[in-house]
Amino acid sequence: DAGVTQSPTHLIKTRGQHVTLRCSPISGHKSVSWYQQVLGQGPQFIFQYYEKEERGRGNFPDRFSARQFPNYSSELNVNALLLGDSALYLCASSLLGVGGISVNEQFFGPGTRLTVL
Amino acid sequence: SQQGEEDPQALSIQEGENATMNCSYKTSINNLQWYRQNSGRGLVHLILIRSNEREKHSGRLRVTLDTSKKSSSLLITASRAADTASYFCATHETGANNLFFGTGTRLTVIP
């Protein structure tokens, strides 16, 4: 079975541009989460989506947005890019427990390396 | 902000030795998970320990959890060069829908 896939693998943008990152979860997983990992730090939570609804949002500005499609794939959009947005963007899918809360392990994709110049 | 902190930040050992990494966190949790990351790529789940568990084993991995001290440890026994990676603890806080990751421990196993 295919794992979580992300595209593109690498991306170079300039300040002020916008970017769209894509993620396909493991078959059968309905929850997708996005994380940002700056070099040398642990991943930080950006969004969680389940059944096309936002279920959680981290401490990120409104320049960051996401959506989930009927096939459970997801897109992360970042507008007005800043140098500080340079990071590895990770997508993770998971099964949900009672009440729609993701309590189990998360399966991560390989990430998209975004460089903002 | 990040929930947990790992200690040490970096660890270098000889192949065959044991490696111990510690994680401290701040709030009430449902479970704590450990992940491995090779060369800044995707994270791989290693083990999950629930808040009502105190110890768990998986192959060469042993995890302990002390909720009174809000701390966990990951022990890798008989380390191999292939264990070289960054290791992160992640907490699932009560009522939250996401994981909070620590700062990571960079483990280097010297052949």
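The values are calculated or read from the model by the stated rules, or taken from the named source; none is laboratory data. It should be emphasised that the depicted structure is a prediction, and the values quoted were computed from it without experimental measurement. When we count neighbours, we look across all protein chains shown, and the Cβ atoms used for this are built from the backbone with ideal geometry, even at glycine. Accessible surface areas use protein heavy atoms only, side chains included; no ligands, DNA or RNA. Shrake-Rupley method; radii C 1.70, N 1.55, O 1.52, S 1.80 Å.
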- [ ] For chain B, give the percent of accessible area contributed by carbon and sulfur heavy atoms, probe 1.4 Å, rounded to a whole number.
- [x] 46 percent
Open item on the list: Below 12 angstrom from the Cβ of residue A:20, what's the summed charge of the other residues (Lys, Arg +1; Asp, Glu -1)?
Closed with: +2
Task: Estimated inter-spin distance, residue B:14 and residue A:117, nm [label 7 Å along Cα→Cβ] - done: 4.7 nm
Open item on the list: Rolling a 1.4 angstrom probe over the protein chains, ignoring ligands and nucleic acids, what is the accessible area of residue B:92 in square angstrom, nearest 10?
Closed with: 0 Å²
Task: Within chain B, longest stretch free of exposed trypsin sites (Lys or Arg not before Pro) [DSSP loop, at most 16 other beta carbons within 10 Å] - done: B:81-111
Task: Linear extension gain, residue A:71 paired with residue A:54, 0.36 nm per residue minus alpha-carbon span - done: 4.6 nm
Task: Residue-count net charge about residue B:61 - beta-carbon cut-off 13 Å; Lys, Arg +1, Asp, Glu -1 - done: +3
TODO: Using a cut-off of 13 Å between beta-carbons, work out the net charge of the residues near residue A:80 (Lys and Arg +1, Asp and Glu -1, residue A:80 not included).
DONE: +1
- [ ] Quick one: among A:45, A:69, A:107, which has the greatest mean-square fluctuation in a GNM of chain A with alpha-carbon springs under 10 angstrom?
- [x] A:69
- [ ] With a Förster radius of 41 Å, plug the Cβ-Cβ distance of residue A:83 and residue A:27 into 1/(1 + (r/R0)^6) and report the FRET value to the nearest 0.05.
- [x] 0.65
- [ ] Take the Cα coordinates of the protein assembly as shown, assign each an equal point scatterer, and use the Debye formula without solvent to give log10 I(q)/I(0) at q = 0.09, 0.11, 0.17, 0.18 Å⁻¹.
- [x] -0.36, -0.54, -1.22, -1.33
Task: Cleavage-rule hits (GluC sites (Glu not before Pro)) in segment A:18-117: DSSP loop, at most 14 neighbouring Cβ within 10 angstrom - done: A:51
